[in-house]
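Have a look at the structure below, then the notes.
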Amino acid sequence: MAGPYAIPMKMLVKPVFCACLAALSLVGSGVSCAQDSNQEAASQRRLKGQNLPVREIERRVVPRVPGAQYLGFDYDSATDIYTLKFLRNGSVIWVDADGRTGNIVRRTGD
């Protein structure tokens, strides 16, 4: 038998759910700002002729990972590295490419 201060599970679900949603919205907004900043940096470097367009990097890298599904990329403005993400047989493959040359600088995963 529950004590006098026990709260039924039904009464806990809604507040806990709302708290989780609030926490996720705060985390998501920070990630979005960082992504916007990196996208802007990539765009500026491309317009100045310092980086290749991402489509050119994809054209060079995607064929080098045969049999894998290309999922997308991230850009790190501090290093000018594009990280392309692939999926093959349930394994994630990360390929880092230099934004200036399009050359692969590192590959992890199978």
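The values are calculated or read from the model by the stated rules, or taken from the named source; none is laboratory data. Source: prediction; values computed, not measured. Glycine gets a Cβ as well: all are built from the backbone with ideal geometry, and neighbour counts include every protein chain shown. What goes into the accessible areas is simple: the full protein's heavy atoms, side chains included, and nothing from ligands, DNA or RNA. Shrake-Rupley method; radii C 1.70, N 1.55, O 1.52, S 1.80 Å.
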Select from the stretch 52-80 the residues that are surrounded by fewer than 16 Cβ atoms within 10 Å (Cβ to Cβ) and β-branched (Val, Ile, Thr) and list them in ascending order. Val62, Thr79
In the stretch 83-110, which residue that is assigned to a loop (DSSP other than H, G, I, E, B) and over 17 Å from the mean Cα position of the chain (by Cα) is modelled with the lowest pLDDT? Asp110
Would you say Ala97 is among the hydrophobic types (A, V, I, L, M, F, W, C), surrounded by fewer than 14 Cβ atoms within 10 Å (Cβ to Cβ) and under 21 Å from Asn51 (Cα atoms)? no
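Kindly provide the set of residues from the stretch 71-106 that are basic (Lys, Arg), free of Cβ contacts under 8 Å to residues at least 40 places away in the same chain and either closer than 12 Å to Val61 by Cβ or out of contact with any Gly (no Cβ under 6 Å at 6 or more places or on another chain) (or both), ordered by number.
To start, the set of residues in the stretch 71-106 that are basic (Lys, Arg) comprises 85, 88, 100, 106.
Add one more test, that the residue is free of Cβ contacts under 8 Å to residues at least 40 places away in the same chain, and what stays is 85, 88, 106.
If the condition is that a residue be basic (Lys, Arg), free of Cβ contacts under 8 Å to residues at least 40 places away in the same chain and either closer than 12 Å to Val61 by Cβ or out of contact with any Gly (no Cβ under 6 Å at 6 or more places or on another chain) (or both), then Lys85, Arg106 are the ones that fit.
Output the residues belonging to the stretch 81-94 that are among the small types (Gly, Ala, Ser) and open to solvent by less than 60 Å² (accessible area, probe 1.4 Å).
In the first step, residues of the stretch 81-94 are kept if they are among the small types (Gly, Ala, Ser); the result is 90-91.
The one that is among the small types (Gly, Ala, Ser) and open to solvent by less than 60 Å² (accessible area, probe 1.4 Å): Ser91.
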